[in-house]
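What follows is calculated from the coordinates using simple rules that are stated; it is not laboratory data. All values derive from a computational prediction rather than experimental measurement. FYI the Cβ positions are ideal-geometry reconstructions off the backbone, even for glycines, and counts take in every protein chain you see.
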Amino acid sequence: MILVTGATGKVGGQAVAQLHWAGADVRALVRDPARADFPEGVEVVRGDLADPASLGPAFAGVSGLFLVWPLPTADTAPAVLDAALAGGVRRVAYVSAWGAADDPDEEPDGILGFHTAIERLLRASPVEWTLLRAGGFAANTLHWADEIRAGDVVHAPYADAGRSLIHEADVAAVGVRALTHEGHASETYHLTGPETLTQAEQVRTIGEALGRDVRFEESPPEVARRAYVAAGLPPSFADGILEAHAELVANPEPVTDTVAEVTGRKARTFAEWARDHAADFGG
């Protein structure tokens, strides 16, 4: 039995589907089972990573864990790992982030902070761990969806920030491989898409998927920061995102071949992702 957390999200949902297609016994952890929509045969269990005491039934009899961490801190992670070990978990694939710290003396802030903390917990534990250090998620461009549905212009800072955005299906595929095959224990995989595109190119690619001429228009970083915070992001996360995009103008995100090396299939392009999600942008 393999448990997937964050099962109603983009990556977790792909992990559930791919494990199910592969014939694995899959259990999906959700906060509200009434809102879950999974293929027949997927077991759905209520639980919340913010409340480790709720996780006993979810981890009972589970040997593998596809771990997506949806919380802004790692405060409950030690207790969650204890519950996983008590339930029988022996192998974990953790969806981390490129930039998590390898130096034990480094204590990053924001998003990289909780990823680093959880990675260290796993490294110090008896489980077989595999770290999926993903670069930029293609799905993060969905925050442009409202603007694109409303018109043909996206307003944001750092038009020339270059990212090698990865399709959520590819992140899931690497984790599924690590959980269902030998040879991936203690591996740290840096995952990207197959090409680097600037934000302006990403917007144009989404427009092509929609059959429209959608363009990028530069706006001040402070406007984007206010929007991130208004959407519920902690201010430190908003600052981290904007600082990262500023850095990506001068130093674009690199490209790796890890997806192909692990799965035997080339990583999906951003154009493929945009076509897969055209409906989310009003297409």
Of all DSSP beta bridges with both partners in the chain, the antiparallel percent, nearest 5, is 10
Treating only the Cβ of Lys, Arg, Asp and Glu as charged (+1, +1, -1, -1), what charge dipole size does region 223-279 show about its Cα centre? Round to the nearest 20 debye. 260
Relative compactness, region 105-153, computed as alpha-carbon Rg over 2.2 N^0.38 Å: 1.76
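Just add up the charged neighbours of Val127: K/R +1, D/E -1, any other residue whose Cβ is under 10 Å from the Cβ of Val127. Show your work: numbers first, answer last.
Values: positive: Arg90, Arg91, Arg123; negative: Glu128.
Net local charge, Val127 excluded: +2.
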Checking Glu168, Glu222, Glu201 against a Gaussian network model of the chain (alpha-carbon springs below 10 Å), the top fluctuating residue turns out to be Glu222
To the nearest Å, what is the center-to-center distance of region 39-74 and region 83-102, using C-alpha atoms only? 12
So between Arg90 and Arg265, what do we pick up on full extension, going 0.36 nm a residue minus the alpha carbon distance? 60.3 nm
Of Gly41, Ala156, Val259, whose Cα points farthest to the positive end of the dipole of the chain (charges on the beta-carbon: +1 Lys, Arg; -1 Asp, Glu; origin at the Cα centre)? Gly41
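Between Arg123 and Glu43, what FRET efficiency follows from the Cβ-Cβ distance if R0 is 30 Å, with the result rounded to 0.05? Provide the component values of the computation, followed by the final result.
Numbers: r = 29 Å, r/R0 = 0.98.
Calculated transfer efficiency: 0.55.
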Beyond 27 Å, the calculated P(r) of the chain holds a percent of Cα-Cα pairs equal to 40
Likely footprinting exposure, His245, His181, fewest C-beta neighbours within 10 Å first: His181, His245
Which one of Pro220, Ala279, Leu165 is farthest out on the positive end of the charge dipole of the chain, using unit charges on Cβ (Lys, Arg +1; Asp, Glu -1) and the Cα centre as origin? Ala279
Provide the percentage of antiparallel DSSP beta bridges, counting only those with both residues in region 1-137; round to the nearest 5. 5
Whole-angstrom gap from region 1-32 to region 226-250, using each part's C-alpha centre: 29
So what's the angle, to the nearest 10 degrees on a 0 to 90 scale, between helix 235-250 and the longest Cα principal axis of the chain? 60
To the nearest µm²/s, what D does Stokes-Einstein give for region 124-282 at 25 °C and 0.890 mPa s, using the Kirkwood radius over alpha carbon pairs as Rh? 147
Only Cα pairs within less than 10 Å get springs; with that Gaussian network setup on the chain, which residue of Phe59, Phe216, Phe137 has the largest fluctuation? Phe216
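Where Rh is the Kirkwood radius over the Cα pairs of region 2-133, the temperature 37 °C and the viscosity 0.692 mPa s, what D in µm²/s does Stokes-Einstein return?
Reported coefficient: 221 µm²/s.
Magnitude of the Cβ-charge dipole of the chain, K/R +1 and D/E -1, about the Cα centre, nearest 20 debye? Present the calculation step by step, with values, prior to reporting the outcome.
Values: 22 positive and 41 negative charges, 165 e Å.
Roughly 800 debye for the chain.
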For the Asp75, Arg226 Cβ pair and Förster radius 41 Å, calculated FRET efficiency rounded to 0.05 is 0.90
For Val26, which sequence-distant residues (separation of 5 or more, or a different chain) have an amide H within less than 5 Å of its own amide H, given hydrogens modelled in the peptide plane? Ile2, Glu43
